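The values are calculated or read from the model by the stated rules, or taken from the named source; none is laboratory data. As the structure is a prediction and not an experimental result, all values here were calculated from the model. Here Cβ is always computed from backbone atoms with ideal geometry, including for glycine, and neighbour counts include all displayed protein chains. Just the protein is used for accessible areas: all its heavy atoms, side chains included, with ligands, DNA and RNA removed. Shrake-Rupley method; radii C 1.70, N 1.55, O 1.52, S 1.80 Å.
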Amino acid sequence: MSLISDSIIVAEKVQSIAKKYKDKELNDEIILLQQKLSLLSNENIKLREEIAEIRSDVLSNKNVYMDDNGFLRRKNDEKKYCPKCWNKDRRLSIMPNHGVKEFDGINEYTFECSACGFMVYSKDNFDKK
């Protein structure tokens, strides 16, 4: 059983005790508590469904692809994500630009994963002007 279900059962037991002692104020408060627990339970179910939908979307490969510069990208999303984090944990970690490095006389922009430190070097800056 869930914590919310257990709480509702306890509230019902307390309500039956309150009825035995004919304490209307306590009984009214218990009814209010049961209503709030019911709302909380409904919200919990809704959030679990949303999490499952988001998790399914993130874990599916249908919206994720590797671009020509070595970044993981999502359809309709301009952000660059770490291919290492995706391949290891199916986690989308953003790779911000960390400046320019020179390699063999060629300037390349450095993008470093904020989660694992993996780096991608690109001739393209990707910064919007």
Helix axis angle, 24-59 relative to the chain longest principal axis, alpha carbon, degrees: 20 degrees
Virtual spin-label span in nm between SER56 and ASP68, 7 Å along Cα→Cβ: 3.5 nm
Loop sites in the range 1-97: trypsin sites (Lys or Arg not before Pro), DSSP, at most 12 other Cβ within 10 Å: LYS22, LYS62, LYS75
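Among the chymotrypsin sites (Phe, Trp or Tyr not before Pro) within the range 1-79, which fall in a DSSP loop and have no more than 15 other Cβ atoms within 10 Å of their own Cβ?
Sites meeting the loop and neighbour criteria: TYR21.
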Area of ASP28 that stays accessible when all protein chains are in place (1.4 Å probe, Å², to 10): 70 Å²
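From the helices alone, meaning DSSP H stretches of at least four residues, give me the mean residue ellipticity at 222 nm for the chain, per-run term -39500 (n - 2.57), in deg cm²/dmol to the nearest 500.
Details: 3 runs with 61 residues, N = 129.
Calculated mean residue ellipticity at 222 nm is -16500 deg cm²/dmol.
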Average Cα contact separation per residue, the chain, under 8 Å, 6 or more apart, as relative contact order %: 12 percent
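Using a 1.4 Å probe and counting only protein heavy atoms, arrange GLU78, GLU112 so the residue with the most accessible area comes first. Working shown, then result.
Working: GLU78 120, GLU112 55 Å².
Reading off the accessible areas and sorting them downward yields GLU78, GLU112.
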Karplus (6.51, -1.76, 1.60) ³J(HN,Hα), θ = phi - 60°, over the range 86-100, in Hz, Gly and Pro reported as x: 5, 5, 7, 10, 6, 10, 8, 10, 5, 10, x, 6, 10, x, 10
Greater than 31 Å apart at Cα, pairs in LYS36/LYS80; LYS62/LYS101; LYS22/LYS46; LYS46/LYS75: LYS36/LYS80; LYS62/LYS101; LYS22/LYS46
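Run the accessible area of the chain with a 1.4 Å probe and give the carbon-and-sulfur part as a rounded percent.
52 percent
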Most mobile listed residue (VAL100, VAL64, VAL14) in the chain, GNM with C-alpha springs under 10 Å: VAL14
